[in-house]
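Notes follow the structure.
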Amino acid sequence: QVQLVESGGGLVQAGGSLRLSCAASGSIFSDNAMGWYRQAPGKQRELVARITSSGSTNIADSVKGRFTISRDRAKNTVSLRMNSLRPEDTAVYYCFIARAGEVYWGQGTQVTVSS
């Protein structure tokens, strides 16, 4: 079992910044990937970003150049720095970890960007 705890969501004005964090604990295998999906009401779930245990990253085109994902391997935490936020970034952001063919999810954190 793996447990994920998210933090860092909130309300910010357009053009502002937020940082999301996700800490993993439990049976974490060395070969894994962590990141965030986001879900807005009435819209499809979107993969925002992910990073592997080796440091490879994937960033969605919709946030590329504005969001950065990083990882602290020793602490099994990931961070999503979100700059130049737009109202269309408003969503619930769900942290995940994928390893050994299994996916575990965080509780979700609300990000709201006002215009």
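The values are calculated or read from the model by the stated rules, or taken from the named source; none is laboratory data. If you're wondering where the values come from, they're calculated on a predicted model, not measured in any experiment. All Cβ positions, even for glycine, are placed from backbone atoms using ideal geometry, and neighbour counts span all protein chains on display. Calculation scope for accessible area: heavy atoms of the full protein, side chains included, ligands and nucleic acids excluded. Shrake-Rupley method; radii C 1.70, N 1.55, O 1.52, S 1.80 Å.
In table form, for the structure just shown:
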{"item": "Selected residue (criterion: surrounded by the most Cβ atoms within 10 Å (Cβ to Cβ)) from residues of the range 29-44 that are farther than 20 Å from Val2 by Cβ and not hydrophobic (A, V, I, L, M, F, W, C)", "result": "Arg38"}
{"item": "Qualifying residue in the range 51-67 (condition: in contact with a strand residue (DSSP E or B) (Cβ under 7 Å, 6 or more places away or on another chain), within 15 Å of Val92 (Cβ to Cβ) and among the aliphatic types (A, V, I, L, M))", "result": "no"}
{"item": "Residues of the range 53-76 classified as open to solvent by 40 Å² or more (accessible area, probe 1.4 Å) and in a strand (DSSP E or B), total", "result": "7"}
{"item": "Those residues of the range 1-13 which are modelled with pLDDT under 95 and buried (at least 16 other Cβ atoms within 10 Å of the Cβ), in sequence order", "result": "Val2"}
{"item": "Of all residues making up the range 78-95, the number that are in a strand (DSSP E or B), of a type in the set (Ser, Thr, Tyr) and open to solvent by 10 Å² or more (accessible area, probe 1.4 Å)", "result": "2"}
{"item": "Filter result for Ser115 (modelled with pLDDT under 95, hydroxyl-bearing (Ser, Thr, Tyr) and either closer than 20 Å to Thr52 by Cα or open to solvent by 60 Å² or more (accessible area, probe 1.4 Å) (or both))", "result": "yes"}
{"item": "Residue among Gly16, Gly35, Gly42 that is at pLDDT below 95 and either outside any helix (DSSP H, G or I) or not acidic (Asp, Glu) (or both)", "result": "Gly42"}
{"item": "Selection count where residues are more than 17 Å from Gly9 (Cβ to Cβ) and open to solvent by 60 Å² or more (accessible area, probe 1.4 Å), scope the range 96-112", "result": "4"}
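Conditions tested, residue by residue: (1) without any contact (Cβ under 8 Å) to a residue 60 or more places away in the chain; (2) in contact with a Cys (Cβ under 8 Å, 6 or more places away or on another chain).
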| position | (1), (2) |
| --- | --- |
| Ala23 | yes, no |
| Gly42 | yes, no |
| Gly65 | yes, no |
| Val78 | yes, yes |
| Asn83 | no, no |
